[in-house]
1. What is the dipole size for the chain, taken about its Cα centre, with +1 at each Lys and Arg Cβ and -1 at each Asp and Glu Cβ, in debye to the nearest 20?
2. Would you work out if region 66-160 is rounded, prolate or oblate? Take a ≥ b ≥ c from the square roots of the eigenvalues of the alpha-carbon gyration tensor; rounded if a/c is under 1.5, else prolate when a/b is larger than b/c, oblate otherwise.
3. Applying the Karplus parametrisation 6.51 cos²θ - 1.76 cosθ + 1.60 with θ = phi - 60° to the phi angles of region 18-25, what ³J(HN,Hα) value in whole Hz is obtained for each residue in order, glycine and proline being reported as x?
4. Farthest toward the dipole's positive end in the chain, which of 90, 65, 43, given Cβ charges of +1 (Lys, Arg) and -1 (Asp, Glu) about the Cα centre?
5. In the chain, once you exclude exposed trypsin sites (Lys or Arg not before Pro) (DSSP loop, at most 14 other Cβ within 10 angstrom), what's the longest stretch remaining?
6. Work out from phi, with θ = phi - 60° and the Karplus expression 6.51 cos²θ - 1.76 cosθ + 1.60, the ³J(HN,Hα) of each residue of region 108-121, listed in order in whole Hz, and give x for Gly and Pro.
7. Report relative contact order for region 101-159 in percent, whole number only (criteria: Cα-Cα under 8 Å, sequence separation at least 6).
8. For a label point 7 Å from the Cα of residue 102 along Cα→C-beta, name the residues of region 130-158 whose backbone N is under 13 Å from it.
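Since every read-out is calculated from the coordinates, none of them should be taken as a lab result. In this text, all values refer to a predicted model and were calculated from it rather than measured experimentally. For neighbour counting, all protein chains shown are included, and Cβ atoms are generated from backbone atoms with ideal geometry for every residue, glycine included.
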Amino acid sequence: MSWFPIFLIGLGILLLFIEIVLLPGFGAAGIPGIVLIGSGIGVVWSKSGWEVASIYAGATLIVIIPLAAFGLWLAPRTKLGKAVILDTTQRSADGFQAPPQELANLVGKSGQSISPLRPAGIALIDGRRVDVVSRGEFIEPETEVEVVFVEGTRVVVRNL
């Protein structure tokens with residue numbers, strides 16, 4: 001048997017791997033990968049039957065997976081990989097900040113809505129103006145509200 005079916009199956013598996021790991025969506029490399037895998041298995045099947053075709057596909061898969069893993073390890077270390085892959089971290093020393101901790105301290109505290117909450121608006125909690133969101137209901141201005149939970153910078157309140 002020739003190397004051509006192994007090449008087709010291997011290239012198809014690599015294209016599927018690229019589709020899964022690197023490319024967003026589905027189609028650009030996935031569909032040609034499926035076609036190549038099918039073509040490679042079809043070439044072997046037409047000459048030798050399903051048993052040999054499945055052996056070819058399995059052996060190719062066993063060889064391609066370590067090669068793909070090695071490629072993923074090697075890619076960030078190449079000049080092209082460094083140009084394409086973001087290799088920075090966001091540290092607080094550089095000015096990047098997580099959501100303010102004082103918002104997390106508002107859970108359980110009550111205040112008064114300043115604007116109508118439909119569902120987003122402004123409330124006065126602990127003497128400071130806070131952008132808040134209700135749990136979906138409309139809340140009139142100057143209504144007592146309580147902070148239910150804080151999720152990042154999203155402060156969720158309920159009507160008291």
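1. My answer is approximately 600 debye.
2. Prolate, because a/c is 1.5 or more and a/b exceeds b/c.
3. Result, ordered by residue: 4, 4, 6, 8, 9, 9, x, x Hz.
4. Towards the positive end, the residue furthest out is 43.
5. 1-90
6. Values, residue by residue: x, 7, 10, x, 10, 6, 8, 10, x, 9, 10, x, 8, x Hz.
7. 35
8. 130-131
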